[in-house]
């Protein structure tokens, strides 16, 4: 899936689909995250071994990705991506939950584990950027299958982890958390940030190619952004306990706004574009790290699977699908520059909301050796 993010746009365009159809189809994919992660999270919280949920999702994802090898119309494309998203969601949120469970008291090291996914993304984007400079985009499904099958095989080497059996009091129910205004505001801010990534995820590669950049250059720019994210993930564990995460969130959202506006105005300047890609460390990496810590604090213990699923569903599902749908619509009517300017303004408003309304979000600096929730 990480590989496909940068190449779905040109791949589907090569098959004859329009910008609006591409936006709708990827919106279906991201929209599957609205309910599916919570269902998988509920299952993961109640089975003896959460790892089996992840492995089931991998098998289903392989089967769905294989369907991309056959001929399909627009409806077929939407159905394939919907099925793929249904199973892929069993992997993403639950793997984060598994990671935190494996880490136990060393939860502040999450970003050091998460960084390996980013490193894999860099390698895949550099390799695929070279590949698609020499060969057609029709090879994308085969590359996706290779990555999924390798991941499924590697998952067999992971030790089983028993589900947590601690009872959850009424004060610690998911419903009680969702009645807390600051939790809803945080989810809204995080979802808005994911929504504004829609033009990047769906059309950034096409945007670059329209301006004369090669597929190899596009792959390198994608990789540069994630490389900056890797550096941040290595640094965060050393300073996370001493940071006010609300301030980090606001700064990251402000930088995101500058990134989108800069992408609109300076895409023809490679030097500026290189700098803007480095901001990915904050616009995705830092905000994701803050979000994971927020979920850990507000959804502890046996709520962890459903808390992570809610995060995935509301942020990547609702936010991501709206971003994909809207970017397809806006791109076909306003063009790339105006679309990026619009999401830049939206992100600036999200930063203001976070600064004003998340003062009680329990994101203050903490000692990682003490419980951050309770």
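The table for this structure:
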| read-out | value |
| --- | --- |
| Full-stretch length increase - residue 352, residue 364 - with 0.36 nm per residue and alpha-carbon distance subtracted | 2.5 nm |
| Virtual spin-label span in nm between residue 130 and residue 329, 7 Å along Cα→Cβ | 4.2 nm |
| Contour excess over end-to-end distance, with Cα ends at residue 156 and residue 184 and 0.36 nm allotted per residue | 6.4 nm |
| Segment residue 251-residue 268, extension gain: residue separation times 0.36 nm, minus the distance between their alpha carbons | 3.5 nm |
| Relative contact order (%) - the stretch 254-373, alpha-carbon pairs under 8 angstrom, separation at least six | 43 percent |
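Coordinate-derived values only; no laboratory data. Values in this document were obtained by computation on a predicted structure and should not be read as measured data. Cβ: placed from backbone, ideal geometry, glycine included. Neighbour counts: every protein chain shown.
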